[in-house]
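Worksheet: the structure to be examined is printed underneath.
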Amino acid sequence: MKRTTIIAGIFLLTSCQKVIDLKLNNAPKQYVIEGNVTDVPGPYTVTISQTSAFNVSYTFQGVGGAAVTIKDDAGNSELLKEVGTGVYQTSGLAGVEGRTYELHIDVGGKTFTSTSTMPHRVNFDSLYVRELVNISKTVKAAVPVFTDPKGQGNSYRFNQYINGRLDKGLYYQNDDFTDGLTNSFALLQPDPDSTLHVGDKVEVDMQCIDKPVYKYWFSLDQSSNGNGSAIPSNPVTNIQGGALGYFSAHTTQRRSLVVK
Amino acid sequence: MRLLICLLVLSLRLQAQEPPKHTISGTVRAKVSGETILRATIVVDGKNTGVTTNDYGFFSITLPDGKYTLIISAVGWETKALEVTLHENLQLQATMEIQGTQLQDATVTAQTRGRSIRGTQMGVEHLSTKEIKNVPVLFGERDVLKTLQLLPGVKPVSQGTSGISVRGGSADQNLILLDEAPVYNASHLLGFFSTFNSDAIKDVTLYKGGMPAQYGGRLSSVVDVRMNDGNNQDFHVSGGLGAISAKINVEGPIEKDRSSFLLSARRTYYDMFLKLSKDSTVNKNSLYFYDLNAKLNFTLGSRDKLYLSGYFGRDNMASQDIFGLNWGNATSTLRWNHTFGPRFFSNTSLIYSYYNYKLRINNNGTNFNVLSELRDWNIKEELQFYINPRNNVRVGFNSIYHTLNPGVLTGGPKSGVNDTSFQKRYGLENAVFAGNSWKVSDKLDISYGGRLSIFSALGKGDFYKVSPEGVILDTMHYNSGQVVKTYVNPEIRVAFSYQLNEASSVKVSYVDNTQNMHLISSTNAGFPTDLWVVSNNMIKPERSHQVSLGYYKNFDFRENAYEFTAETYYKALENQIDYRDGAQLTANGTIETELLFGKGRAYGAEWLIRKKTGRLTGWIGYTLSKSEKQIPGINEDRWYNAVQDKTHDISVVGMYKLNPKWMLSANWVYTTGNAVSFPSGKYRADGRTVYYYSERNGYRMPAYHRLDLSATVQLKQRKRYSSEMAFGVYNAYNRNNAFIITFRDNKTDPNKTEAVRTTLFGAVPYISYNFKF
């Protein structure tokens, strides 16, 4: 549980929250790269964009004209096609578990590279809903069922869609304390938008990710999501060359249910 | 080091041949309670010579045979004159009476009204519980650490909390001692109250610089808290009902004049209000803390005294049966005072400190417990030798054996987790120290000494060689008790004081400090689950070197006594610890891979003007300061502001005695906001807003200011029974100070982001009732 949540909870009689105007600097724009390769048929997408100022409404500012290549350790290589400004896609590449993928980008005189290994798939057996207590409230939350293979080093990430809308809570796990066990941890976040209600259609994507990608999501959640629980900093990226973002080769499986 | 030897030779050489001498020694006590009085001054009338009582109320002064008048004085006590004829060694048990409550009685001698102009000690602040009593605080819960924050150079680490930053240092750089036992987490309720129940406290001394050689182990400060011994004259019960807690204090003689006991307890009842709620999810929550302080002391013959003191405190936070976090400290100290003849005082202490936290999760199928603990066994020996009125030598040693158990996770079958335990870590921290306070002439005083810190990281366990990138290059196994690494650090402690005239002086001091216990905190605010680590092959001892210069003046203005102090300091820090971006600090068996090391610097100037007499008393303090760090791997290796860097800090404290019944008080504080990292841009990752940070701590929180008011009224006194009511308002003009500023997507337009300020305390009124019989 987050420290600020706990403290604000204790002093709930006296504490208050208010949206304020804050003068923030506009740092020079940075490149932001997002790339995914999965074990389901492509196309796979790499986006190149730029950061926007804090005070403006976010729009995707794609960076076009880049040379984007993905190759794997089995000798396959593909130059991605720009399908929209800053959006690059594969056409023939097939993601295979166990393979290592290399991303190479030349853009605006800069070179960015990254590698990511797609872990072997751990079967996403099923999904069920459990009642849990979340900061004094009983809530419903989905539990993805899978059995972690013996041997440490497995990492997972989940995306939850409630009635087709992406739940912005970040869900990730590794097997430091759960090696070889069947998962019992629920997708639980304090945000009301992450809470399930009777009749909701819930779809959960389970990704098996490698350690650097786990580190990216872990560090993003710790210090870059604005909630002030740790000293803020940029997430630890697996992209070399000075860009923000990540390159993730992962397996993906989906299970869904309707909350009863 | 050579300087120290020269000084020693010099000071001994100056002992010329004089007529026969004898020694007056003894203790100074309060008449009403038999409590020893610390730092009372004993001055020989007509001679510019005197001593102060030590931490046990003991003094010794050697003079040529003759007739003398000794003037004994201490802040808050009636000055007393004693005639003595010296032709053999004398034992003196001096008792003092509390200064009259009538205002007209405020006749104060030069010794009692100022901080000592003489003496080399600088960078020091004393608070007695009497002073703490009248300062308004949050919920009216008197708190020594919060009252210290009103003094220059001392600031709260995080607003509203009792964690302190002294001269730009972090919270873990304070050595907080309760009857000599280090207290590792001196806070309750996540930092909002300190562990010190002011009813049980006799005296607090804070050293911001120029620490005497007997103290060591932390870089920034020493907070030496001494518990009451217990009244050895009469039985007394006192207590109070406050806005959040109830307290009771029982003390009395076991054998009159010779032995006594003290028992003090406090418990909060905030959670009783939760019980009143009809909402079953609220009324099953619990949130409380309690404290127990106990002390026994015995006089064994004329030369020996034994003290046994203990503290036990615990916090409990639980959400139904589902989530529980409880934590607390336990300390105990056994002390033996012995005088080997009139000029030789010895104290031997056996000290035990323990801290632990327990986390319990039991949420419908997910259930496990986490236990983390820290244990110290500690022995300290200190000898004080009053060679002659000009030289007072202290020598001693201290050994601490640390055991740190970072965490044990237990689940059991069907818990969803595997039982896991992290390696215990062991350390042996030794120090030898020696120091002399030398009165060179009527005007010049020099204190000099040193401390040798010898620390050994011990097995058993696996130790790692970690590359600068945080990769484990090698793992080395050590057996139980095997030395992994030893660090030897000499520490020089010197101070000079030069008296310009009767009422003013200048002082200079230099002090080194070494720290081997480090708190790895992701919040810098002292969360109970923050991890303590001990120096090892990768984590080097932190070091600090501080030089300070001060000017002190006592003066009278319109028949009232004032004191003025100005001090400046510069502190260089080595082996400062920070952690990598995105570090995993909890449940990490190889924490060394997440740490980064660098240096720091802190400098500033502090001014204090204090009105000591009259109906209105109080002070105004101002600090201008800077605290920075440079750690390779953070902020592109450039210097950055430490979180606790606060440029300006003002505090105004006033207490006004309206009439014998009513006391009014107010304090106002203003500080520059903490240095923080705010985003300088934003982007998306997999559909989520991510904030972009361009530098570490480049922004400031809004300035913090607050006014607190309180009034205390003495209720009708009966023969033995007296009571008082206190009313107050914390944050009287309801300033919305930002506790934290967070960032989030706008609910209606998720493309927009907004900054949200959380304020913890608006204006909070309180009332409390205290009694004594």
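The values are calculated or read from the model by the stated rules, or taken from the named source; none is laboratory data. Note that the coordinates shown come from a computational prediction; the quantities given were computed from them, not determined experimentally. Here the Cβ positions follow ideal geometry from the backbone for every residue, glycine too, while neighbour counts run over all protein chains shown. Accessible surface is based on the protein model in full, side chains and every heavy atom, while ligands, DNA and RNA are left aside. Shrake-Rupley method; radii C 1.70, N 1.55, O 1.52, S 1.80 Å.
Considering the options B:Tyr311, B:Met96, B:Tyr215, tell which one lies farthest towards the positive end of the dipole of the protein assembly as shown, charges being +1 on Lys and Arg and -1 on Asp and Glu at the Cβ, about the Cα centre. Checking the options against the dipole of the protein assembly as shown, the answer is B:Met96.
Interface A/B, total buried accessible area with a 1.4 Å probe, nearest 100 Å²? Write down the numbers at each step before the final one.
Details: alone 14730 and 33240 Å², together 41050 Å².
Summing both chains' loss of accessible area gives about 6900 Å².
Contact with the other protein chains removes 30 Å² or more of accessible area, compared with the isolated chain and a 1.4 Å probe, from these residues of the stretch A:168-183: A:Lys168, A:Phe177, A:Leu181.
Counting heavy atoms of the protein chains alone, B:Thr403 has an accessible area of about 30 Å² for a 1.4 Å probe. Applying 1/(1 + (r/R0)^6) with R0 = 25 Å to the Cβ-Cβ distance of B:Leu274 and B:Asn736 gives a FRET efficiency near 0.45.
Each of B:Val237, A:Val83 has its accessible area taken with a 1.4 Å probe; listed largest first, they run A:Val83, B:Val237. Distance between the pseudo-spin-label points of B:Gln423 and B:Leu334 (7 Å out from Cα toward the beta carbon): 3.4 nm. The alpha-carbon of B:Lys460 sits under 22 angstrom from the alpha-carbons of these lysines, leaving out residues fewer than 8 places away in its chain: B:Lys424, B:Lys485, B:Lys540.
Judged by the mean number of other Cβ atoms found within 10 Å, the most tightly packed of the peptides B:57-67, B:642-652 leads the ranking B:642-652, B:57-67. Normalising the average separation of contacting C-alpha pairs (under 8 angstrom, six or more residues apart) by the number of residues puts the relative contact order of the stretch B:225-772 at 7 percent.
On the beta carbon distance between A:Thr100 and A:Thr147, with R0 = 22 Å, the FRET formula returns roughly 0.30.
Could you name the aspartates and glutamates whose alpha carbon sits less than 19 Å from that of B:Lys571, not counting residues in the same chain fewer than 8 places away? Those aspartates and glutamates meeting the cut-off are B:Glu125, B:Asp172, B:Glu491, B:Asp512, B:Glu542, B:Glu606, B:Glu628, B:Asp645, B:Asp649. In chain B, excluding the sites themselves, the longest stretch lacking any of the GluC sites (Glu not before Pro) that are in a DSSP loop with at most 10 other Cβ atoms within 10 Å is B:89-468.
For chain B, the longest principal axis of the Cα atoms and the long axis of helix B:2-13 meet at an angle of about 20 degrees.
The modelled label-to-label distance for the pair B:Phe773/A:Lys260, using points 7 Å beyond Cα in the direction of Cβ, is 6.6 nm. Scaled against the 2.2 N^0.38 Å expected of a compact globular protein of N residues, the Cα radius of gyration of chain A reads 1.09.
Per residue of A:215-223, other chain Cβ atoms within 10 Å of the residue Cβ number 4 on average. Averaged over peptide A:31-44, the number of partner chain Cβ atoms lying within 10 Å of each residue's Cβ comes to 1.
Per residue of B:184-191, what is the mean number of Cβ atoms on other protein chains within 10 angstrom of that residue's Cβ?
1
Dipole magnitude for chain B: computed about the Cα centre from +1 point charges on Lys and Arg Cβ and -1 point charges on Asp and Glu Cβ, it is near 1080 debye.
Put the Cα centre of the stretch B:607-636 next to the Cα centre of the stretch B:522-578 and the gap is 10 Å.
The fraction of Cα-Cα pairs per 10 angstrom bin, counted from 0 for the stretch B:133-238, comes to 14, 48, 29, 9, 1 percent, rounded to whole percents. Only one residue of B:Thr647, B:Val395, B:Phe557 has its Cα farthest out toward the positive end of the dipole of the stretch B:225-772, where Lys and Arg carry +1 and Asp and Glu -1 on Cβ, and that residue is B:Phe557.
Heavy atoms of the protein chains alone define the surface here; on that basis the protein assembly as shown has 40 Å² accessible area per residue at 1.4 Å probe size. In terms of its C-alpha gyration tensor, the stretch B:225-772 has a rounded overall shape, because the principal axis ratio a/c (a ≥ b ≥ c, square roots of the eigenvalues) stays below 1.5.
A simple charge model with +1 on the Cβ of Lys and Arg, -1 on the Cβ of Asp and Glu and nothing else charged puts the dipole of the stretch B:124-224 at about 280 debye relative to its Cα centre. Ordered by 1.4 Å accessible area with all protein chains kept, B:Trp377, B:Trp619 run largest first as B:Trp377, B:Trp619. For the stretch A:166-260, the calculated P(r) over all alpha carbon pairs, in 10 Å bins from 0 to the bin holding the longest distance, is 13, 39, 35, 12, 1 percent. The Kirkwood hydrodynamic radius of the protein assembly as shown, based on inverse pair distances between different Cα atoms, is 31.4 Å.
Going from the chain on its own to the full set of protein chains, the stretch B:564-583 has these residues losing 50 Å² or more of accessible surface (heavy atoms, 1.4 Å probe, no ligands, DNA or RNA): B:Asp581, B:Gly582. Solvent-accessible area of chain B (1.4 angstrom probe, protein heavy atoms only): carbon and sulfur portion equals 58 percent.
Considering only C-alpha atoms, what is the centroid distance from the stretch B:422-477 to the stretch B:691-770, in Å? When both Cα centres are located, 39 Å separates them.
Heavy-atom surface analysis with a 1.4 Å probe gives chain A a carbon and sulfur content of 51 percent of its accessible area.
In this label model, A:Lys110 and A:Thr69 are separated by 2.0 nm, measuring between points 7 Å along each Cα→Cβ vector. Note on B:Phe564: accessible area is roughly 60 Å² with a 1.4 Å probe, heavy atoms of protein only.
Placing unit charges on each Cβ (+1 for Lys and Arg, -1 for Asp and Glu) gives chain A a dipole about its Cα centre, and among A:Tyr246, A:Thr85, A:Pro235 the Cα reaching farthest toward its positive end belongs to A:Pro235. By a 1.4 Å probe calculation restricted to protein chains, B:Ser437 has an accessible surface near 60 Å², given to the nearest 10. Bridging of A:Lys201 to lysines at a Cα separation below 24 Å is possible for A:Lys137, A:Lys140, A:Lys168, A:Lys260, B:Lys747, once same-chain residues fewer than 8 apart are set aside.
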